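The values are calculated or read from the model by the stated rules, or taken from the named source; none is laboratory data. Being a predicted model, the structure only gives us computed values, none of them experimental. Neighbour counts are summed over all protein chains in view; Cβ atoms, including those assigned to glycine, are modelled from backbone coordinates with ideal geometry.
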C-alpha cells in the first residue's frame, strides 16, 4: 500500500516545506500527498511555496490540493483588483484587499515582488482555482477548516469548509470517517494525542508553523494515515 501523507497549513514557509517533503517524507511516485490549504500569507515566501507545489505535479507525484481561506482571499482580491478602475494612475484598495493585507497578504505581495494583488501572474490564480473543497478517502475526510453538521448536507456548506473555527463531527454522517483538518493552530501534544487515540472523530493537524515563539507550536506537520506516523518539521526559512 502506498503511503498517504496529509500536510496542513504551510503559510509561505517554502524551505520548511521542502525540508519536510524532500528531507523527511521522501515520497516515491506511488505515494500520495494531500495538502489542506493555506499555502500562502504570513510566512516569507508564498510564491516559493506555490512554485514548489506545482513542481511536485511536474515530478509526477500523486498530489491533491484543498482550497484554504487564505487562497480564497487571494482569488477574490485578485478579481476585485483586476476589475477596479484607476484614476490618474491611482487606485484605492477594495474592502477584500484591505482585509486580506491584515492577515498576511503583505508578505505574499512581497514574495511576488508586486504591490497589488492584480499583478500576481494569472497562472498562480488559475492553479489555485482548481483546488478542491474536500476529499473523501476510505477512512478519512480531508477539509481545510471543518464540516457543518448543522446542515442537512454537511458537504454543501463550502464557506464553512474554509472558515469554521469549531465543529462537532458526526461519524454516522461521515460513514465512520475521521475528519482531518487544519486552519486553527493547536498544540503539538494535542495533535499527537488525536493522531494516536482517534476518539474525537477529528484530527486537527495545524501546529501554526508561523508561531515561532509560542511553546507547543511552530512546526509544519505531516501525518501518514495508514501507519499513523506524525512528523514535525521546525521552520528553517529566514524571516524577511
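The table below lists the values:
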{"quantity": "Only one of 147, 142, 162 that is surrounded by 20 or more Cβ atoms within 10 Å (Cβ to Cβ), over 20 Å from residue 51 (Cβ atoms) and free of Cβ contacts under 8 Å to residues at least 40 places away in the same chain", "calculated": "147"}
{"quantity": "Condition check for residue 134: in contact (Cβ under 8 Å) with a residue 40 or more places away in the chain, surrounded by fewer than 16 Cβ atoms within 10 Å (Cβ to Cβ) and either closer than 26 Å to residue 210 by Cβ or under 15 Å from the mean Cα position of the chain (by Cα) (or both)", "calculated": "no"}
{"quantity": "Test: residue 51 is touching a helix residue (DSSP H, G or I) at 6+ places or on another chain (Cβ under 9 Å) and assigned to a loop (DSSP other than H, G, I, E, B)", "calculated": "no"}
{"quantity": "Count of residues meeting criterion [modelled with pLDDT of 95 or more, outside any helix (DSSP H, G or I) and under 22 Å from residue 227 (Cα atoms)] in region 1-18", "calculated": "7"}
{"quantity": "Single residue of region 144-169 satisfying the filter (in contact with a helix residue (DSSP H, G or I) (Cβ under 6 Å, 6 or more places away or on another chain) and not in a helix (DSSP H, G or I)) that is farthest from residue 71 (Cα to Cα)", "calculated": "148"}
{"quantity": "Subset of region 170-192 that is more than 20 Å from the chain's Cα centre (by Cα) and in a loop (DSSP other than H, G, I, E, B) - its residue that is nearest to residue 31 (Cα to Cα)", "calculated": "177"}
{"quantity": "Wholly enclosed strands (runs of 3 or more DSSP E) of region 193-238 bearing at least 1 residues out of contact with any helix residue (DSSP H, G or I) (no Cβ under 6 Å at 6 or more places or on another chain) and either at pLDDT below 95 or buried (at least 17 other Cβ atoms within 10 Å of the Cβ) (or both)", "calculated": "202-204, 220-224"}
{"quantity": "Residues (in contact with a strand residue (DSSP E or B) (Cβ under 7 Å, 6 or more places away or on another chain) and assigned to a loop (DSSP other than H, G, I, E, B)) located in region 19-30", "calculated": "27"}
{"quantity": "Answer residue from region 31-62, given it is at positive phi and either more than 11 Å from the chain's Cα centre (by Cα) or modelled with pLDDT under 95 (or both) and is surrounded by the most Cβ atoms within 10 Å (Cβ to Cβ) among those", "calculated": "42"}
{"quantity": "Matching residues in region 111-143 - criterion: being assigned to a helix (DSSP H, G or I) and either out of contact with any helix residue (DSSP H, G or I) (no Cβ under 9 Å at 6 or more places or on another chain) or within 30 Å of residue 199 (Cα to Cα) (or both)", "calculated": "126"}
{"quantity": "Check on residue 179, closer than 18 Å to residue 226 by Cβ and in contact with a strand residue (DSSP E or B) (Cβ under 6 Å, 6 or more places away or on another chain)", "calculated": "yes"}
{"quantity": "Residue within region 67-83 that is part of a loop (DSSP other than H, G, I, E, B) and out of contact with any helix residue (DSSP H, G or I) (no Cβ under 7 Å at 6 or more places or on another chain) present", "calculated": "no"}
{"quantity": "Qualifying residue in region 96-118 (condition: loosely packed, with under 12 Cβ neighbours inside 10 Å, at pLDDT below 95, within 20 Å of the chain's Cα centre (by Cα) and closer than 24 Å to residue 206 by Cα)", "calculated": "yes"}
